[in-house]
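Worksheet: the structure to be examined is printed underneath.
The values are calculated or read from the model by the stated rules, or taken from the named source; none is laboratory data. Just so it is clear, the model here is predicted, and its values are computed rather than measured. When we count neighbours, we look across all protein chains shown, and the Cβ atoms used for this are built from the backbone with ideal geometry, even at glycine. Calculation scope for accessible area: heavy atoms of the full protein, side chains included, ligands and nucleic acids excluded. Shrake-Rupley method; radii C 1.70, N 1.55, O 1.52, S 1.80 Å.
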Amino acid sequence: MKRTSKLIALSFAALIGLTGCGLSPSTGTVPASAPGSIQPLPDLPETAKATVTSKSFTEQLLLGKITVIALETAGFDVTDLTNVPGSQPARQLLLSGDASALWEYTGTAWLTYLGHEEPVTGEQAQWQAVHDEDVSNNIVWGEPAPLNNTYALAMNRKNADRLGVTKLSQLKELDKEELTFCVDPEFNSRRDGLTPMLEHYGIDRGKGVSEDNIGLYDVGAIYQATADGACNFGEVFTTDGRIKALDLTVLEDDLDYFPSYNAAPAFNGEFIREFPQAMDVMEQIAPLLTDEALMDMNYQVDVVGREPSDVAFEWMVDQGLVTTP
């Protein structure tokens, strides 16, 4: 019989500690599920417990709920501590052992937590570097998913067809008047943003791209502006549901400019040494989490307005990971 998700019963002192940092257990539940390809672990103790955390944005909520459902189906008594506001608080829960598992992004870990100034080229190489270095922090990384929630440039369908562009290396072949961009102020000025990206692809900002052709927008407004044709090329994140909703075309980063932000399950060291079987459960899930899968799930939540737990459960059923009881 499937166990229901257990919300934390915090002591008064612990509650103050959490709420002082803006943290509290998720108030949502996950749908009841039955085994599919994820089966109850035969050697798991009856007392096995796990605490799953996530950050508070849509994609993280989806990944967190997927993990809650998966570990419950495998037989763990799961505490749902998803929806934590901010990367650093979620990371701290994992470091302290107050959380057992968190889906994290390789680029975030490498550049933000581990303090490196330059990314490692290549998705697998970036994951390996994070995996190897984070062991000293008592964090063990599972194999990464294909999903890579990184920066990209996108076009509306009409402009993509008109210009015949599918990858970033083709930009330098275009007339300079066609090189119009919608970006947010941070991406416009950061040292791994627009200017070095253009240089990486053989385009000189100023000579090749006029400043008049660079429009600055709030991040959320870029998607609609690109869809409306305010620019030919808009800054996006590769798994954002608005790409699907607005029928935008993401250009291939064929010379590997943007850092890799592949999601992978990260575990507290004590937890995964006690329950190495949890790694096996996540290894069933990770290969199925593609950019397209997350884009669709993000769309269902952000555009259609569905609950993350329902969308996560439906996806897991579609993939055969779990079944409806």
Exercise. When you look at Phe258, is it surrounded by fewer than 23 Cβ atoms within 10 Å (Cβ to Cβ), more than 14 Å from the chain's Cα centre (by Cα) and in contact (Cβ under 8 Å) with a residue 60 or more places away in the chain, yes or no?
Worked result: yes
Seminar exercise, completed: Scanning the range 230-253 for residues that are open to solvent by less than 10 Å² (accessible area, probe 1.4 Å), over 21 Å from Pro196 (Cβ atoms) and β-branched (Val, Ile, Thr), the one nearest to the chain's Cα centre (by Cα) turns out to be Thr239
Seminar exercise, completed: Subset of the range 95-110, residues open to solvent by less than 10 Å² (accessible area, probe 1.4 Å) and of a type in the set (A, V, I, L, M), comes to Ala99, Ala101, Leu102, Ala109
Exercise. Yes or no: Tyr113 open to solvent by 10 Å² or more (accessible area, probe 1.4 Å), within 22 Å of the chain's Cα centre (by Cα) and under 21 Å from Asp254 (Cβ atoms)?
Worked result: no
For this session: Inspect all residues belonging to the range 290-298 and state whether any of them is surrounded by 22 or more Cβ atoms within 10 Å (Cβ to Cβ), free of Cβ contacts under 8 Å to residues at least 60 places away in the same chain and not hydroxyl-bearing (Ser, Thr, Tyr).
Result: yes
Exercise. Quick one: would you say Gln92 is within 23 Å of Leu289 (Cβ to Cβ) and open to solvent by 30 Å² or more (accessible area, probe 1.4 Å)?
Worked result: no
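If the requirement is being more than 30 Å from Leu321 (Cα to Cα) and small (Gly, Ala, Ser), which of these qualifies: Gly269, Gly229, Gly241?
Result: Gly229 is the single residue among Gly269, Gly229, Gly241 that is more than 30 Å from Leu321 (Cα to Cα) and small (Gly, Ala, Ser).
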Exercise. Hey, among Thr53, Thr79, which residue is β-branched (Val, Ile, Thr) and surrounded by fewer than 24 Cβ atoms within 10 Å (Cβ to Cβ)?
Worked result: Thr79
Exercise. Any residue in the range 74-97 that is more than 19 Å from the chain's Cα centre (by Cα), in a helix (DSSP H, G or I), under 20 Å from Gly269 (Cβ atoms) and of a type in the set (A, V, I, L, M)?
Worked result: yes
Exercise. Could you list, in sequence order, the residues of the range 168-198 that are touching a residue at least 60 places away in the same chain (Cβ under 8 Å) and closer than 14 Å to Gly234 by Cβ?
Worked result: Leu168, Leu171, Met197
Seminar exercise, completed: Per the list (1) on the phi > 0 side of the Ramachandran plot; (2) touching a Phe, Trp or Tyr at 6+ places or on another chain (Cβ under 9 Å), residue check on Gly75 breaks on (2)
Exercise. Does Glu274 fit the bill of being without any contact (Cβ under 8 Å) to a residue 12 or more places away in the chain and more than 12 Å from the chain's Cα centre (by Cα)?
Worked result: yes
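Just to check your reading of the model, which residue among Glu314, Glu283 is in a helix (DSSP H, G or I) and surrounded by fewer than 14 Cβ atoms within 10 Å (Cβ to Cβ)?
After ruling out the rest, the residue left standing is Glu283.
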